[in-house]
Structures are given as structure tokens and as C-alpha cells.
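These notes are about the structure you will find just below.
The values are calculated or read from the model by the stated rules, or taken from the named source; none is laboratory data. For clarity, every value in this text was computed on a predicted model and none was experimentally measured. Using ideal geometry, Cβ is built from the backbone for each residue, glycine included, and neighbour counts are taken over all protein chains shown. Calculation scope for accessible area: heavy atoms of the full protein, side chains included, ligands and nucleic acids excluded. Shrake-Rupley method; radii C 1.70, N 1.55, O 1.52, S 1.80 Å.
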Amino acid sequence: MDDVIIVGAGIGGLTLGLALHAAGIPCRIFESAAEIKAVGVGINLLPHATKELAALGLEEALAKVAIETSDATFFNRFGQLIYQEPLGRAAGYEHPQFSIHRGDLQMVLLDAFRARAGHDRLVTHHHCIAVEQDETGVSVHFSDGPGGAAGSTIRGRVAIACDGINSAVRKQFFPEEGEPRYSGVNMWRGVTRWQPILSGASMVRAGWLSHGKMVIYPIRAAGADGLQLINWVAEIETPLYRKRDWNRPGSIGDFIGAFADWHFDWLDVPAFIHAADSVLEFPMVDQDPLPRWSFGRVTLSGDAAHPMVPRGSNGAGQAILDARALVSALTENDDPVAALAAYEKQRLEATTRIVLTNRTNPPDAILREVFQRTNDTPFAAIGDVISREELVALSEGYKRIAGYSKEALRTR
Ligand SMILES: Cc1cc2nc3c(=O)[nH]c(=O)nc-3n(C[C@H](O)[C@H](O)[C@H](O)COP(=O)(O)OP(=O)(O)OC[C@H]3O[C@@H](n4cnc5c(N)ncnc54)[C@H](O)[C@@H]3O)c2cc1C
């Protein structure tokens, strides 16, 4: 009987598999997809997450495929600089901030897991449809892909659901919950090959959600042509949206109007968007925090436990922190039920705060403040609008809530 059954080979499931393997706890990962493909666009890993990945010996492999982000830079929609601060090592952290293609991150984790734990420890084409348990273990039932015929049942000591925002296990325990909750903001995401912008390692946020906000950061180093692969997200308050599908193509015509006059000395935004390799569209969604995740020998982790709107670069990071907490709990408690309860105690309240703060005061609250105080007009000097101390306080407040202030990382 396998000790730990992990449902889902996304960022959280693979990290958990690696961390359990490192702790000498046998596990197997079951993934719904027939083949793991490098899907997605950009993701950020903040120093609390890269610290955990470095402890798993992955920092070098990640540094080869990622950009080490050096600064966060905020502009209004007139291209005026509001605030800039160093990030990661440039800010004095022991570990870097990485901006990375989600597919590259998943492949680093996948290759390491297969090399260390063995190819047979990751089983694809297994879509979890239900879990059952008794005093001696869990039985996880799978079909051969979403909507496929019922296939096999696997027994284990515990089951951990890392099956993402549409988690089948979460639905089993919370059947009344319904679809993810739309935030009122729709996103169009893409990647463009472009010459380095600003420092070449800047995380740029500009504008505001009501008129159009852009997030822009490079995710792959420049090739021989000098062009980086640069991730961008256009975020606009939009009443209508279509159900989240990670692969739904988007249309530039649906949102370019909001950015038509964004011709700045640091970037010609319309030209940059038009040069995109591809555009995806998905709504910004989350779910209300749950009262519990652990049910005996079964628990939820990552987006299955605490999906959050992507306004704080914390979705992948919190899944990685869950993995570390799960391994500690399973190592410290012989009783699996007590272990999963201890994990929930450590992580539920902390992630609830992040889910709720991402709705109200994530780092881009800086943009909202300036938008409101200037009544969406250009300013003569930013100091007339908001003080440096206030800007720093907004930024540091989020770091404390999300668990990556420098003090928190030093003491962890
Ligand atoms: C295809 C895809 C593309 C994404 N693109 C981006 C992006 O561009 N930017 C971004 O910030 N975030 C993206 N995300 C979300 C991001 O990966 C997560 O928010 C975050 O990393 C938390 O990771 P997670 O492991 O909890 O969930 P995920 O990374 O979403 O992983 C969940 C995994 O579970 C599998 N799965 C789902 N249902 C079942 C089931 N019933 N049985 C077995 N396996 C199942 C999925 O195929 C997936 O591999 C994407 C997720 C997916 C699945």
C-alpha cells in the first residue's frame, strides 16, 4: 500500500512529491492529463517559495530557465512613475524572486521528481472522481481522464488533493459550493518576444482595473536576437466573462482599446501587445475560504484548498508552502489523521488572510490609491499625491500578510 497518494501533478503536487521523497516518505502522484505538457504563461516565485525550492536542491535548475526579478515598478496610465522597490536578492533576501514560465517550472519539478523518486511514481491519465476511507486507509477512485470511464482504485495511508481550482475532492466535501467566484475583472494574458524593458528584470504594474491595468515581466532570458520572452496580463473590470479554461484563446480586439494611447518612453504598449505570440483569456476568480480542509485521512492543498485571485504573485508560492507544512506534519505525527489536522491548523488561517487580502489590498493597492487621489489625472510630482512612507507601508503590509517579509523568512 502506497503511503501517500497525491492527486494532481501541478506545481503543488510535484513539490509535495519531491518534499515527501526527500523526507523518506513514499508517495505516488496521480495526474488527470494523459501527458504533462508545459501549459500556462508566467508565474512569480517570491523568496518564501524559492527558499523551499532551494532546500529541495532546485535553485540552480530554476535559475537556468527563469529570470531573477530585480525590481517592482509601478506607473499610472499616463506612464508616470509612482514607486519602485528592489525585489528578491536585490532587496537583501537570501533567496531570489524568480519570474518563470509555468511550463518551465512544472518541467523542472517533473524532471527532478522522476529522476529522484522514479518514473513509476507518477501515473498520468488518472482522473480522481472520489475518495473513501476507513480506519486503515483511503481508497481513491479514478477514471481514465475527465468524463472518462471509471478505471482503477488505489489504496493509500492518506490522500492529498492537489487537483487545482476545479478540485474534484473539494467538490466531494463541499458539494454545495458552486463554481469559482468571479471578481469582476477579466484577464487577457500573453507572451511577446521583445527587447528588455526597464532593468530587463522588472516587474511592472501600470494603470488601474477600472480603465485597464497591465502587469508585465520577462520570463525567459534573451536569445541571440537580444529578445526576451515577456509575459503580460491585461486586467479590466468587465461584467461578462466566460468560465475559466486555461487554454481559451483571447482576442486582442476585445481589450486593446483600453491601452490604445499607452505610448511611453519605456514601452510602446499597443505595439508590444500586437507583437504577442499568443493571447489567452480567463476570468480572475477565487473561492471563499473554507472552514476546514482535512477530513480524517484526506486533505486539500494548493489551489484545491485556497484558490486566490492572482494579484499578489502567491498562488504557486502558497502551494509550495503547503507542501513543506504537510511534510513536517506527517514527519512529526505517526497518526495520519492527527498529521492532517496539524497541517490544517498551520496553514488554513494563514492562507485565508491572503485570499481575502488579495481581493482588497494586494500590492497593486498602490495603483488604486494614486488613481483615486488624482481622480485619474496626471500628477506634477508623486510626493504631492502620496508619501514614500505610505507607499512603503502598502508594500510591506502585503509582504507580512503573505509571509515573505524579511523578518519572517529569517526566523523561519
Ligand atoms: C493548465 C494550467 C495552466 C496554468 N497557467 C497559469 C498561468 O499561466 N499563470 C498562473 O499564475 N497560474 C497558472 N495556473 C495555476 C497555477 O499553476 C496554480 O495557481 C498554482 O501553481 C497552484 O498550484 P496547484 O498545484 O495547486 O494547482 P495546479 O498547478 O493548477 O495543478 C493542478 C493539477 O491537478 C490536475 N488535476 C485536476 N483535476 C484532477 C483530477 N480530478 N484528478 C487528477 N488530477 C487532476 C491538473 O491537470 C493539474 O496538473 C495554471 C494551472 C493549470 C492547471
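Odds and ends about this structure:
- If you go through the range 5-28 and keep only what is surrounded by fewer than 24 Cβ atoms within 10 Å (Cβ to Cβ), away from the ligand (no atom under 14 Å from the Cβ) and under 20 Å from V131 (Cα atoms), you end up with just P26.
- Matching residues in the range 211-262 - criterion: being in contact (Cβ under 8 Å) with a residue 60 or more places away in the chain and open to solvent by 60 Å² or more (accessible area, probe 1.4 Å): H211, R220, A221, K243, W246, N247, D254
- Number of the exception - F113 against (1) within 30 Å of L46 (Cβ to Cβ); (2) within 10 Å of the ligand (Cβ to nearest atom); (3) in contact with a His (Cβ under 8 Å, 6 or more places away or on another chain): (2)
- Of all residues in the range 127-179 being closer than 14 Å to S301 by Cβ and more than 9 Å from the ligand (Cβ to nearest atom), the one that is surrounded by the most Cβ atoms within 10 Å (Cβ to Cβ): I160
- Filter result for E31 (away from the ligand (no atom under 16 Å from the Cβ) and either of a type in the set (D, E) or at pLDDT below 95 (or both)): no
- Residue in the range 106-121 that is of a type in the set (S, T, N, Q) and farther than 30 Å from V269 by Cα present: no
- Yes/no for S199 being more than 15 Å from the ligand (Cβ to nearest atom), under 30 Å from F264 (Cβ atoms) and either among the polar types (S, T, N, Q) or without any contact (Cβ under 8 Å) to a residue 40 or more places away in the chain (or both): yes
- Within the range 20-38, residues that are assigned to a loop (DSSP other than H, G, I, E, B) have Cβ atoms under 9 Å from residues that are buried (at least 19 other Cβ atoms within 10 Å of the Cβ) and among the basic types (K, R) in these pairs: A38/R102, counting only partners at least 6 apart in sequence or on another chain.
- Residue in the range 63-86 that is out of contact with any helix residue (DSSP H, G or I) (no Cβ under 7 Å at 6 or more places or on another chain), open to solvent by 50 Å² or more (accessible area, probe 1.4 Å), within 30 Å of N333 (Cβ to Cβ) and more than 10 Å from the ligand (Cβ to nearest atom) present: no
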